[in-house]
Amino acid sequence: MKSDKQLKAYPGGQKTDRQGKIAFFFLLAIMAVYYGYRMFALTPWYDELYTYYYFISKGPVYAAIHWPLPNNHVGYSVLSACLAFLGNPYISLRGISYLCALANMCLLYKIIQNYKRGFWPLAGVVLYLSMNLVNQLAVQGRGYTLGITSYLTAWLCLICICREGRAPKKSYVIYALSLVLGLYTVSSNVYWVVPLCLSGGLYLLLKGIRKDQKAESFKKLAMLIIASLVAALGTVFLYTTIWLAIGSNLLVKDVASTYYGMGHVKMILNAPFAAIGRGMEYMLDTPYIQSEDRTGFTGRLIEWFGTLFGYYYNSLQGVIALVWAGGLIYLARKIAQSIKRSTDPSLSGFGCRHMDKELLLYLCVFMGSIFVPVCLFIQCKRPYYRVFTYGGVLLAVLIVLLLQKALDSACAKIPDEGKRKGVFWLVFLLIGLFGIKCLFFSGYNVQYGDREHEIEDALANADIDKWEHFCVTDCNQQYLLYFLYGIRCENTQIEGADVVLLDKRMTEPDFDEMVWEFYHYYDTIPWEYMEQNMSRIYENEDYVLYVKKR
C-alpha cells in the first residue's frame, strides 16, 4: 500500500490528475483545429454526397421518412438537415460529426477517469484518436461518429446507474435516448447496443446477490430493463414512420395494388398496417449486408478481422490480434476474480467495493469484444469495416488496462521511486509520440475519394458562374455540382450544354467495363457535336473539361 507521499508523486495517482486534465484540454483544442481543417479541406466522397443530395438538403422531415437504400443514416441525416440554416454545405454535411468527434474525446476521457487516474484517461484518448479508421470517419458526413457518441453516452449513463447510491432518473432517460439515437442512426449499431445492455444487466444482477445491496441493485436492474424496453419501443416507433412512408409510396405506385393511384395520406389513413407491412418487407428485402455461404466462412471471417485490425493501426494487425487475445484472457480472469469478491458475503470494505466497481468496466469491454465475432459467425456475415469504428473505443480501453497492469508489475520490482516515475513518464511520452506519428506521418490525411477530389478540381476551372446550362455525365459530378455550387442538375443530355465534364474512361472506345456511376459511355457521347461546339479547356489525371465555344 503506497503512502500518501508516494501516491501524490505516483504518475498514475493524484498529483497528475490536474496535469492530465490540462494536457487533455490542450489536446482537445488541437483536435478541434485539426478536425476543423479536415471538415473543409477534404472533398466529400460518394456516400457523403449521396446523403447530402437526397436527404440532408431536403430537410429533416424528408430525411426522417425516406429510406430508399440502407445508405441513409436516418438519425444523422435528420440532425444534419437542421444545420442547413447556417448556409454552408460543409457544416450542414459534417457539422454534426465534427461536434461528435470532439464530444467523443470528452466522453471517453470521462469513462476511463471513472476507473483510472492520472494520465491514463489521456493515454486512452490518444490511443483512440491514433486509429486510422477513427480518424478517417471522424468528420465524415455519415452516422458512424454520431453512433460512437451514442455508445459512449449510454456507457457513461450506465456507470452512473450502477455506482453506489440512488441513480438520478435523467441517467435512465439519457441512456434510453442514446440507444434510440444509435439504432436510428445506423441499425448495425445493434452490435454495441446488445452487449452494453447485457453488461449492465449482468453487473446489477451479480451485485444484487450481495444481501446488503440486494434491494437497491434489483430495483436498478428493473429500471434498466424498463429503460432498454422503452428504447426498443422508441426505435420501433421511429422506424414505423419510415415503413409507413416506404410502404405507402410503393403501394400507390404498384398497378397491381388496390391502392394504386391513391394519395399517400389517404392510403396511410385507410390502411396503415398494410403500408407498415409493405415498408417493413421492403427494408428486410434490401439488407445492409448479405449473408454468405457457410462453407469456408470461418477462414474468411478470421481474414476479415485481420484486415479490420489493420484499419485500426496500419501494419499492426498481428500486434492488435495478440493484444486482443491476451486482453480477453486477462479480462476473463479479472471478471472471475471480481465476481468472486463481489458476491462473497464474507468480504467487505473498500477493496471489495473497488473490485465491484471495476467489474462493470471489465464486463463492458469483454462483452463488447466477444459479441461481434460470435454474432457474425452465427449470422454468417462480414459487414463493412467502418461499421465497427466504435471498436476503437474497446481497443483503446483494453490497451490502457494491459499497460497499467504491465507497468504496475514492472515498477513493483523497482525499489527506487525516481526510477519508477521515470518508467511511467517514458511510457506516456511514447504513447504521445505514437499518436503524433499515426495522425501526421502515417498517410491518414489523404483525400477520401481521389475522383471526387479531381471533379472538384475540374469544376473549379470551369467558371461555373458564367454558365447557365449544365450536363452531368456521372452521379459524382451531379452531387458535387449541387454540394459546391447549389446547382441541382438532372440533365444528362450533352447537346445544348454549356459545361461538360467527362471521365477519361468515357473517351476510350475500347472501354466496356460496367461503371454504375456513369450516365454516358463512348458510344453515347455525340463526338461530332462536341468537336464543333465545345472547347477542351482543362484536364487532370482522370477528367476532361469542355465548355461551349463562344
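Annotations
- Segment 261-290 - residue that is part of a loop (DSSP other than H, G, I, E, B) and of a type in the set (Ser, Thr, Tyr) and, of those, most open to solvent (accessible area, probe 1.4 Å): Tyr288
- Each residue in segment 65-98 was checked for being in a helix (DSSP H, G or I) and within 19 Å of the chain's Cα centre (by Cα), and 17 of them qualify.
- Selected residue (only one of Val393, Val387 is surrounded by 15 or more Cβ atoms within 10 Å (Cβ to Cβ), assigned to a helix (DSSP H, G or I) and at pLDDT 95 or above): Val393
- Residue match in segment 66-79 (condition: open to solvent by 20 Å² or more (accessible area, probe 1.4 Å) and among the hydroxyl-bearing types (Ser, Thr, Tyr)): no
- One residue stands out in segment 455-466 among those that are in a loop (DSSP other than H, G, I, E, B) and open to solvent by 30 Å² or more (accessible area, probe 1.4 Å): the one that is modelled with the lowest pLDDT, namely Asp463.
- Selection count, segment 482-495, where residues are open to solvent by 10 Å² or more (accessible area, probe 1.4 Å) and among the aliphatic types (A, V, I, L, M): 2
- Filter pass, Tyr151 being within 26 Å of Ile335 (Cα to Cα) and modelled with pLDDT of 95 or more: yes
- Whichever residue in segment 123-180 is part of a loop (DSSP other than H, G, I, E, B) and over 26 Å from Tyr54 (Cα atoms) and, among such residues, is most open to solvent (accessible area, probe 1.4 Å): Arg166
- Within segment 292-324, considering residues that are among the β-branched types (Val, Ile, Thr) and open to solvent by less than 60 Å² (accessible area, probe 1.4 Å), the one farthest from Phe434 (Cα to Cα): Thr307
- Filter result for His469 (in contact with a Ser or Thr (Cβ under 7 Å, 6 or more places away or on another chain), closer than 22 Å to His520 by Cα, open to solvent by 70 Å² or more (accessible area, probe 1.4 Å) and in contact (Cβ under 8 Å) with a residue 12 or more places away in the chain): no
Yes/no per residue for (1) open to solvent by less than 80 Å² (accessible area, probe 1.4 Å); (2) assigned to a helix (DSSP H, G or I); (3) without any contact (Cβ under 8 Å) to a residue 60 or more places away in the chain:
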site	(1), (2), (3)
Lys419	no, yes, yes
Leu433	no, yes, yes
Cys438	yes, yes, no
Gly443	yes, no, no
His453	yes, yes, no
Gln477	yes, yes, yes
Leu480	yes, yes, no
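- Subset of segment 84-101 that is open to solvent by 30 Å² or more (accessible area, probe 1.4 Å) and among the hydrophobic types (A, V, I, L, M, F, W, C) - its residue that is farthest from Lys405 (Cα to Cα): Phe85
- The single condition among (1) more than 28 Å from Arg341 (Cα to Cα); (2) assigned to a helix (DSSP H, G or I); (3) open to solvent by 50 Å² or more (accessible area, probe 1.4 Å); (4) free of Cβ contacts under 8 Å to residues at least 40 places away in the same chain that Thr258 does not meet is (2).
- Search result, residues across segment 194-204 that are out of contact with any Gly (no Cβ under 6 Å at 6 or more places or on another chain) and either open to solvent by less than 50 Å² (accessible area, probe 1.4 Å) or at pLDDT 95 or above (or both): Val194, Leu196, Cys197, Leu198, Ser199, Gly200, Gly201, Tyr203, Leu204
- Every condition in (1) within 21 Å of Ala64 (Cβ to Cβ); (2) of a type in the set (Phe, Trp, Tyr); (3) open to solvent by less than 10 Å² (accessible area, probe 1.4 Å) holds for Tyr184 except the one numbered (3).
- Subset of segment 112-163 (residues that are of a type in the set (Gly, Ala, Ser) and within 16 Å of the chain's Cα centre (by Cα)): Ser130, Ala138, Gly141, Gly143, Gly147, Ser150, Ala154
The values are calculated or read from the model by the stated rules, or taken from the named source; none is laboratory data. Treat the numbers as computed from the prediction; the structure is a model and nothing was measured. Backbone-built Cβ (ideal geometry, glycine too); neighbour counts: all protein chains shown. In case anyone asks, the SASA skips ligands and DNA or RNA and just uses the protein heavy atoms, side chains included. Shrake-Rupley method; radii C 1.70, N 1.55, O 1.52, S 1.80 Å.
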